[in-house]
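Following: one structure in structure tokens, then a few remarks.
Read-outs: derived from the displayed coordinates by stated rules, not from any lab. Model, not experiment: these values are computed from the prediction. No Cβ is skipped: glycine too gets one built from the backbone with ideal geometry, and neighbour counts run over all protein chains shown.
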Amino acid sequence: MTITKLISIDDFKKLVDEVESDRDKIAIMLLFSTGMRVEELVTTKLENIDTVEGIIHIHAARTKTRRYREVVVLESMIPDLKKWTESLPRDSIWLFPGRDPSKHLSQRWIRMMIDRAARSAGIQRSYDTSRDGRALNIVTPHSLRHAHAVAALDAGVPLNDLQEQLGHASIRTTGIYLRAGINHRKSSYQKMSI
């Protein structure tokens, strides 16, 4: 099995370059750099962010597996994350508040923003069609999670650490990322020399 929706790091950088607001850039960068699911991201409260330790606490009720986990934030992301949280109004509850400050941004908004930026960057493409005839696109919040997993393995992150970061109940689920597509493997091997 190959991972159909895998974007390259270069495409990810193009995506970020097309995003206009600080809020949207932070959201995209957190999806990629932490591997969080979009629902976990939008339901993150400010009290769940620890910029000193570089951790986001995800309570069991907000996870797919219904297990609490701590997500590591890359050290390089912490200054931008801290700046973002400090820019929010004092009474903010959510990391990404909606128009109504008592509510968070919607998953739909994040999906639309990513799709718009991907189209603008010229990296959005369809990989299949849904049963109801809609195009299924490569660049989505979930494909940023896939890209995180492959990039983490490429960087030498142990599989069990990646499993914890992604919140998978089974190591076999995480192991899927070891079988990235042939194009990714070719690219990885081109970096190798004798």
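In a shell of Cβ-Cβ distance under 14 Å around residue 120, excluding residue 120 itself, what net charge do Lys and Arg (+1) and Asp and Glu (-1) give?
Details: positive: 13, 14, 25, 116, 119, 125; negative: 11, 17, 18, 20, 24, 115.
Local charge sum for residue 120: 0.
Among 46, 95, 130, flag the residue with its Cα farthest along the positive direction of the charge dipole of the chain, charges on Cβ as +1 for Lys/Arg and -1 for Asp/Glu.
130
For region 47-91, what size does the Cα cloud have along each of its three principal axes, sorted from largest down, in whole Å?
31, 26, 14
Give me, ordered by chain and number, the residues 5 or more places off residue 94 or on other chains with an amide H under 5 Å from its own placed amide H.
46
According to a simple spin-label model (label point 7 Å from Cα along Cα-to-Cβ), what is the distance in nm between residue 119 and residue 66?
That separation, rounded to one decimal, is 3.9 nm.
So what's the projected area for the chain, the Cα convex hull averaged over all directions, in nm²? Show your work: numbers first, answer last.
Values: hull surface 49.8 nm².
So the mean shadow area of the Cα hull is 12.4 nm².
Tell me which aspartates and glutamates have Cα within less than 16 Å of residue 103's Cα, excluding those fewer than 8 residues away on the same chain?
Partners found: 39, 40, 47, 91.
Subtracting the Cα-Cα distance from 0.36 nm times the residue separation, let me have the gained length for residue 179 to residue 92 in nm, one decimal. Mind dumping the intermediate values first?
Values: separation 87, 0.36 × 87 = 31.32 nm, distance 4.16 nm.
The span from residue 179 to residue 92 would gain 27.2 nm if fully extended.
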